[in-house]
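The values are calculated or read from the model by the stated rules, or taken from the named source; none is laboratory data. All values reported here derive from a predicted model rather than from experimental measurement. Here the Cβ positions follow ideal geometry from the backbone for every residue, glycine too, while neighbour counts run over all protein chains shown.
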């Protein structure tokens, strides 16, 4: 959804109370919003891989101990493991507003870095009234308009969504990210909040149901009129939220509607295998709004709090905390913007890239992705019969 300016409020007294007992560990805070981390793959180039992994695991333990207190008041919306500019392992602190000296400068010897993200939200698109999908940051490298209707069969990395995603005077939509398979059928992979987030009998007297049509283009790209789109798949899974640790949904492909090799606009076919994220990994994605964009992984093991609505333009319904997430640099929404939700993040190689994560949320300076293997495990699916 579109982000709005956040009001500055005093630092919550409860956070100060919770953290004051640990003050002996703290001494002034590290802040760099323009380039929050300049990470190194190994976490420390002087370490061998085993030692680097042990260092990372130790940092995870520290993060796990302090995260509940840090996030208890809501001013800190996430934590993760990243790096300082000089390559030291650091605890990232993602905040709604600048908190400065109210935060610890270090935790058990690990430096902290504050990144002001605002509220972290799903990155779906919404149209109606004055609210429009945005394109933020510098121009992407796309040569195609990913909001256009494609000739059938379509590629992925394009506009798509639930046919009935219209409520409260607005319509919503996002991105068809990729094609996956359970060994028998092929499915479009996207986010729950793109394909199945209507969970209340609210502004449209409907809730998402297995078998509902999923359309291309999304309603936001056809004037909110479903008759101007084509049903290319049918919803095959209901909301993974809030029961699971992924924001993911799948739609069974209608015969002849999607390229069977799983090609993604401006990326092409994928590898049949996946790869784990690592700090400073260069990545790219193909999405409905910003098209083909590139960035890099800034942090791992993200614990993030995401604010969801219960239908298109609905009331704030719930906030879900996700664990073990991938954090990506997203200054001025140049990598991921409204309507890009559901995009597949892949390694930045020219041919047959391996999938890394499923993009679903973000804020100022950050985008958030579910690790792709966790998503595939959720559905018992893979890329092996789709990719090369």
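Among the residues examined, residue 97 qualifies as assigned to a loop (DSSP other than H, G, I, E, B), modelled with pLDDT of 95 or more and surrounded by fewer than 19 Cβ atoms within 10 Å (Cβ to Cβ).
Across the stretch 324-347, a minimum of one residue is classified as touching a helix residue (DSSP H, G or I) at 6+ places or on another chain (Cβ under 8 Å), under 23 Å from residue 63 (Cα atoms), modelled with pLDDT of 95 or more and surrounded by fewer than 17 Cβ atoms within 10 Å (Cβ to Cβ). If you go through the stretch 189-222 and keep only what is without any contact (Cβ under 8 Å) to a residue 12 or more places away in the chain and on the phi > 0 side of the Ramachandran plot, you end up with just 205. Among residues of the stretch 48-72 being crowded, with 16+ Cβ neighbours inside 10 Å and out of contact with any strand residue (DSSP E or B) (no Cβ under 7 Å at 6 or more places or on another chain), the one that is modelled with the lowest pLDDT is 52. Selection of the stretch 348-375 for residues being farther than 19 Å from residue 299 by Cβ and surrounded by fewer than 22 Cβ atoms within 10 Å (Cβ to Cβ) yields 349, 350, 351, 352, 354.
Of the residues making up the stretch 259-273, those that are crowded, with 21+ Cβ neighbours inside 10 Å and either assigned to a strand (DSSP E or B) or at pLDDT below 95 (or both) number 1.
If the condition is being buried (at least 23 other Cβ atoms within 10 Å of the Cβ) and under 21 Å from the mean Cα position of the chain (by Cα), then the stretch 188-215 contributes 188, 189, 190, 191, 192, 193, 194, 195, 196, 197, 198, 214.
Note on the stretch 100-132: among residues that are over 30 Å from residue 67 (Cβ atoms) and touching a helix residue (DSSP H, G or I) at 6+ places or on another chain (Cβ under 6 Å), the one that is modelled with the highest pLDDT is 125.
Checked against (1) modelled with pLDDT under 90; (2) outside any loop (DSSP other than H, G, I, E, B), residue 160 passes all but condition (1).
Would you call residue 152 outside any strand (DSSP E or B) and modelled with pLDDT of 95 or more?
On the way: outside any strand (DSSP E or B): yes; modelled with pLDDT of 95 or more: yes.
It is true that residue 152 is outside any strand (DSSP E or B) and modelled with pLDDT of 95 or more.
Within the stretch 301-320, if we keep just the residues that are modelled with pLDDT of 95 or more and touching a helix residue (DSSP H, G or I) at 6+ places or on another chain (Cβ under 8 Å), the residue that is nearest to residue 85 (Cα to Cα) turns out to be 301. Annotation note: of 239, 251, 233, the sole residue that is buried (at least 19 other Cβ atoms within 10 Å of the Cβ) and at pLDDT below 95 is 239.
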